[in-house]
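Below you'll find the structure, written out as structure tokens, and then a few comments.
The values are calculated or read from the model by the stated rules, or taken from the named source; none is laboratory data. Note that the structure is predicted; figures quoted are calculated from it, not measured. Neighbour counts are summed over all protein chains in view; Cβ atoms, including those assigned to glycine, are modelled from backbone coordinates with ideal geometry. When the accessible area is computed, the model is the full protein with side chains, heavy atoms only, and any ligands, DNA or RNA have been set aside. Shrake-Rupley method; radii C 1.70, N 1.55, O 1.52, S 1.80 Å.
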Amino acid sequence: MGLWQCLEVSWCPAATPRLQYLLEPLHTAVHTQRGATATLPCVLRALPRNYRVKWSKVEPANYGENVIIITNGLYHKNYGPLSPRVRLRHNHRYDASLTITDVALEDEGRYRCQLVNGLEDESVSLTLHLEGVVFPYQPSNGRYRFNYHEAKRACEQQDARLATYQQLYKAWMEGLDWCNAGWVLDGTVHYPIINSREPCGGRLLLPGIRSYGAKDKQRDRFDAFCFTSALQGTSSIPQPCVVTLGLLTESSPSIISHPSPGEVYFIRGHLSFKEAGQACRNHGATIAKVGQLYSAWKFLGLDRCDGGWLADGSVRYPITTPRQRCGGLPEPGVRSFGFPSKELRTYGTYCFVGT
């Protein structure tokens, strides 16, 4: 189609500049888990004179890019918080691929490999996806209590981070149905609906992600949608232990004695919140965080019908195989008893040991 034809119609596609020096990656998405090593491919087809390759991470929360590493093929320099965990793969002289070790939750997102060569700059974009699970979160004093910054901290305190919109959308496609609106990483507010109903936008609306758009990060208050990935160093889950007022019974003395790193396990007993914390500490563990319980449920199939204390003072239990006497709901999930009295109510506890 000629230029004069494009002037007569409004649907002419924008010309995509052809890459001269960078090869188009075969796949623009790399999938990984927390704690793993991931490589984002960036390979040159030719080496121009006096060139540099710059890697950066696109940050949706502040609409900017953070430089990670710059190289001229001979020397390189690392920048920012990722610096200790990144290196160039450099399998050959045309290879400028970025390797990230010990992948963390905050590493998920979009990355850019840019060839800096005067007037001929060009770049490729790649996305690092972490396999994980999204869960809604609210504090003990009720719903809609977090401004954006408080929601961000709350997720981090539960071994998670604020979910991205893409993570929330994927969770909705996998069945997440939640009527309370919550913050996501870019400062917008949404809630996912599978079953349309009156309190959640009405019965006439189709299922989908209901959106409030961008809200005031200081003033407006909602819940949070948190995202967590696999526990680091996970292996098999120990069988349940029995504790009475923080003391291990004779029935399973060796089960807690040598737990593997990165495990969530249940201690059965009638424990107050304080006693639950001591029971975990007695065996070199801590009370599990909400994100750690979700991770064990999602990735290791943790399935228990017993409510147990978690670090935030809530009581929850993970169900992989739904059954009538375990909440009665037909879908797998982490069930919640809310935030009962820490002194007057007694439950078992979920402990976590690991890095």
task = Grab the other residues whose beta carbon is less than 9 angstrom from that of LYS289, score K and R as +1, D and E as -1, and report the net.
result = -2
message = Loop only by DSSP, 15 or fewer other Cβ within 10 Å of the Cβ. Give me the GluC sites (Glu not before Pro) in the stretch 76-184 that pass, ordered by residue number.
response = GLU131, GLU174
Where N is the number of residues in the stretch 132-229, Cα Rg divided by 2.2 N^0.38 Å = 0.99
remark   = In whole percents, the bins of 10 Å from zero upward hold the Cα-Cα pairs of the chain as 5, 20, 26, 22, 16, 8, 3, 1, 0
remark   = Computed about the Cα centre, the charge dipole of the chain from +1 Lys/Arg and -1 Asp/Glu charges at the Cβ has a magnitude in debye, to the nearest 20, of 300 debye
message = Between ALA36 and GLU343, what is the label-point separation in nm under the 7 Å Cα-to-beta-carbon projection?
response = 4.8 nm
note = Largest fluctuation, THR228, THR164, THR188 only, Gaussian network model of the chain with Cα springs under 10 angstrom, belongs to THR188
Pairs beyond 20 Å (Cα-Cα), from LYS298/LYS342; LYS54/LYS77; LYS170/LYS298; LYS152/LYS217; LYS274/LYS298 = LYS298/LYS342; LYS274/LYS298
ask   = Ignoring ligands, DNA and RNA, what accessible area per residue does the chain give at 1.4 Å, in Å²?
value = 53 Å²
task = Describe numerically, in nm with one decimal, the distance between label points set 7 Å from Cα along Cα→Cβ at ARG143 and at LYS217.
result = 2.5 nm
task = Mind pulling the angle between the C-alpha long axis of helix 148-157 and the longest principal axis of the chain? Nearest 10 degrees, somewhere in 0 to 90.
result = 60 degrees
ask   = In the stretch 263-353, what percent of the accessible surface is made up of carbon and sulfur (1.4 Å probe, ligands and nucleic acids excluded)?
value = 51 percent
query = Given springs between every Cα pair under 10 Å in a Gaussian network model of the chain, which of GLY142, GLY277, GLY313 has the largest fluctuation?
reply = GLY142
task = State log₁₀ I(q)/I(0) for the stretch 22-130 at q = 0.11, 0.20 Å⁻¹ as given by the Debye formula over alpha-carbon point scatterers of equal weight, solvent excluded.
result = -0.31, -1.06
message = Once each part is reduced to its C-alpha centroid, what is the distance from the stretch 24-54 to the stretch 132-152 in angstrom?
response = 35 Å
remark   = Cβ-Cβ cut-off under 11 Å around LEU82, Lys and Arg +1, Asp and Glu -1: the net charge is 0
request  = Filter the trypsin sites (Lys or Arg not before Pro) in the stretch 148-226 down to the DSSP loop ones having no more than 14 other Cβ atoms within 10 Å, then list what survives.
outcome  = ARG197, ARG203, ARG219
message = Angle check, please: helix 290-300 long axis (alpha carbons) against the longest principal axis of the chain (alpha carbons), in degrees 0 to 90, nearest 10.
response = 80 degrees
ask   = Counting other Cβ atoms within 10 Å, which trypsin sites (Lys or Arg not before Pro) in the stretch 30-100 have at most 16 and lie in a DSSP loop?
value = ARG45, ARG49, ARG89, ARG93
key: Difference of contour (0.36 nm per residue) and Cα-Cα distance, GLU174 to ASP102   = 23.2 nm
query = Of ASN78, ALA285, THR164, which is farthest along the charge dipole of the chain in the positive direction, counting Lys and Arg as +1 and Asp and Glu as -1 at C-beta?
reply = ALA285
ask   = Across the Cα atoms of the stretch 263-353, what radius of gyration and what greatest pairwise Cα-Cα distance (Dmax) are found, in Å?
value = 12.2, 37
Sites ARG210 and TYR79, calculated FRET efficiency, Cβ-Cβ separation with R0 45 Å, nearest 0.05 = 0.70
query = Which is the longest part of the chain that has none of the chymotrypsin sites (Phe, Trp or Tyr not before Pro) sitting in a DSSP loop with at most 11 other Cβ atoms within 10 Å?
reply = 76-355
Under Karplus coefficients 6.51, -1.76 and 1.60, residue-wise ³J(HN,Hα) of the stretch 47-56 in Hz, glycine/proline x = 10, x, 6, 6, 9, 9, 10, 10, 9, 9
